[in-house]
Amino acid sequence: MPQIGPLEILVVLVVALVVFGPSKLPDLGRQVGRGYREFRKFQQGFRDDIEGAFHDDDDDDLGSSHPADEAPRQIEARKPGHSAPPEPPPADTTS
């Protein structure tokens, strides 16, 4: 793959200056910068989504639950010196 060096960049800038003129060149540069920034945000979001999907699949494959997935009552019950809060009474279904 060919490398872009300083001479090639200079040629592109001179051609852009001739084609667009000195009054429109700053606006064109801003638009290109905004487009590049939006592309990078999209790319990072897409990368995060893909990594999150792979991470979720890894969690499912392990089959173990994490403390963050458990109810707070179960976490408190495992702490030494703490008793679990009382369980709510079962619902009466004989009405």
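For every residue, the table says whether it meets (1) of a type in the set (A, V, I, L, M); (2) modelled with pLDDT under 65; (3) open to solvent by 90 Å² or more (accessible area, probe 1.4 Å).
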site	(1), (2), (3)
GLN3	no, no, yes
PHE20	no, no, yes
TYR36	no, no, yes
GLY45	no, no, no
GLU51	no, no, yes
SER65	no, yes, no
SER83	no, yes, yes
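When you check LEU13 against the structure, is it modelled with pLDDT of 85 or more and either open to solvent by 90 Å² or more (accessible area, probe 1.4 Å) or on the phi > 0 side of the Ramachandran plot (or both), yes or no? Answer is yes for this residue.
The values are calculated or read from the model by the stated rules, or taken from the named source; none is laboratory data. None of the values given here were measured: they were computed from a predicted structure. For accessibility, only protein heavy atoms count, side chains too; no ligands or nucleic acids. Shrake-Rupley method; radii C 1.70, N 1.55, O 1.52, S 1.80 Å.
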